[in-house]
1. Measure of size requested: the Rg and Dmax of the stretch 367-468, with Cα atoms as the atom set and Å as the unit; please supply both.
2. Grab the Cα-Cα distance for LYS272 and ALA415, subtract it from 0.36 nm times how many residues apart they are, and report the gain in nm with one decimal.
3. Taking square-rooted eigenvalues a ≥ b ≥ c of the alpha carbon gyration tensor, is the stretch 1-147 rounded, prolate or oblate, where a/c under 1.5 means rounded and, failing that, a/b exceeding b/c means prolate?
4. One quarter of the convex hull surface, Cα atoms only: what value does that give for the stretch 312-400 in nm²?
5. How large are Rg and Dmax for the stretch 204-290 when only the alpha carbon atoms are used, in Å?
6. May I have the pair-distance distribution P(r) for the stretch 116-248, computed from all Cα-Cα distances with 5 Å bins from 0 and rounded to whole percent?
7. Test of the criteria: in the stretch 113-199, which trypsin sites (Lys or Arg not before Pro) are in a DSSP loop and have at most 11 other Cβ atoms within 10 angstrom of their Cβ?
8. Using the Kirkwood formula over every pair of different C-alpha atoms, what hydrodynamic radius in Å results for the chain?
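Coordinate-derived values only; no laboratory data. As the structure is a computational prediction, the values presented were derived from the model and not from experiment. Cβ sites come from the backbone with ideal geometry, for glycine too, and all protein chains shown count toward neighbours.
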Amino acid sequence: MTVSKFADIPVHKRKTPTACDAPAERAPVVLIGGGPVGLTAALDLGRRGHDVVVLNQFDFIPAGSKAICYAKRTLDIWNRLGVVDRILKKGVIWNVGKVFYGADPDPIYEFDMLPDKGQQMPGFINIQQYWVEDFLVDELERMDNVDLRWGHEVVGFDGETNMITVDAALGGSYTIAADWLLACDGARSVMREFLGLEFTTRVFEDNFLIADVKFEDQRPSERWFWFDPPWGGASALLHKQPDDVWRLDFQLGWDVDKAEAVKPENVEPYVKGMIGDDLKFDQEWYSIYTFQCGRLEKFVHDRVIFLGDSAQLVSPFGARGFNGGIAEADNLAWKLDAVLSGKADWSLLETYNEEAIAIADENILNSTRSTDFLTPKSTASRSIRNAVLELARDHEFARPFVNSGRLSTPVSLPAGHLIFPDSEDWEGGIPPGRPVTDMQTEEGWLLQRLNGGWSLLCAGPIEDAPVPVIELDKAVAKQRFGLVNDGAYLIRPDRYVASRWKHFDAKRDLEGLSLWA
């Protein structure tokens, strides 16, 4: 019996390997990878009516310790795609984070990730990544136009023809040509290797211990973070997950023996120091990670498009890597839909390149700043950091400087081909390049009414509009959007503000929209 080369990977759910009965063929979209970013992109394109082939080298959904923390923006995207209900039902919802310093049992401050409560989705939810993949796969398996191929490993690529060579777990091989190839194959991307692409990276010299442990406790569903915790280590993090599993994260330093650090007898003192000696717990997963930040110079290479960890690496602080990858899938899907449908030419995909790089750069910048605050590189920088922490106990002005991991929030997109800066002075509202904030309207939640296409938001009727119009209550339009009389907002399919006008005329202001609507 042949032992699978993936035998050491823990399994959440086995899937039936897909037989290799396909000769040479062609598909509009071939997606490589079976993680949440690729599955989200496949679901979005499938919902828009396109045929997608998904090649997954595994014939199972992996378990283990991966992402657990998903931001409101990600939940809004999954809500649009019809998959969020099961995630919300299974997951642990939280909005509040607390920061502790030293042995003080009281937090030096706390923050709320959903200050505006009038929204459908919570600020954050914690759920193991394998459950997210499980729910996404269930949705995809119901779709006739999405072909999930389990145990199909990409082993070759011809850039001249966009032809991929695939080996199947059940034996045999075949080739498939892609009009568009989406590389969602993670940090060890084979597509990067085939194209000879490399990251420009910065490695952070520190080691972090992840301990996923199971115990019953009534402490609140909040994010708790410690600087210089009394049980040892430079920092620590506590998150609650479903099924009484808790994510404990400990910063150990650079000069540690990794093999020794993950032994239960060495992990348990950290766990007991955090949760107390009296609580009994069971080990789910112990591991050590060292991380780096970096990205590709370009995300679009002819007909090959990179998303998620195949395109960039982001430190885990602030949950920006996963959530940034979902934002990239959201950014790409409607643009590729327009190209596949013949409504736009290839140039539209260059806006994905520009905007996805902006998303990656902001996430890398924030992750790098978080890491520098968590791991000061000199005695002077440590002294400054500790002074900030002391001041934050009693002085509000110091709290914005405390960086326990700037949590994922929607990235502001730069002005460009699809983001048009204001040409008038505005007081309030949402500027171009920012996403629309959800709110309840008489006809339902606003983001749900923005259903994946171009839309106009306005305070009054609009004549001759080439896209759907959402007319808001006049008081709400003024308060939330700064709209009065004949003003309007143009909202993109990814629910970002493209432009806004105080005095709107559809024929004048939307000239050229048909090129990319």
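1. 21.1, 65
2. Numbers: separation 143, 0.36 × 143 = 51.48 nm, distance 5.02 nm.
Gain in length upon complete extension: 46.5 nm.
3. Values: a/c = 3.29, a/b = 1.68, b/c = 1.96.
Judged from the Cα gyration tensor, the stretch 1-147 comes out oblate (a/c at least 1.5, b/c at or above a/b).
4. Values: hull surface 30.3 nm².
Mean projected area for the stretch 312-400: 7.6 nm², to one decimal.
5. Expressed in Å, the Cα Rg and Dmax of the stretch 204-290 come to 12.3, 36.
6. 2, 6, 10, 12, 13, 13, 12, 12, 10, 6, 3, 0
7. Details: sites: LYS117, ARG142, ARG149, ARG188, ARG192; in loops: LYS117, ARG142, ARG188.
Listed in order of number, the matching sites are LYS117, ARG142, ARG188.
8. Values: mean 1/r = 0.0408 Å⁻¹.
One over the average 1/r among Cα pairs gives 24.5 Å for the chain.
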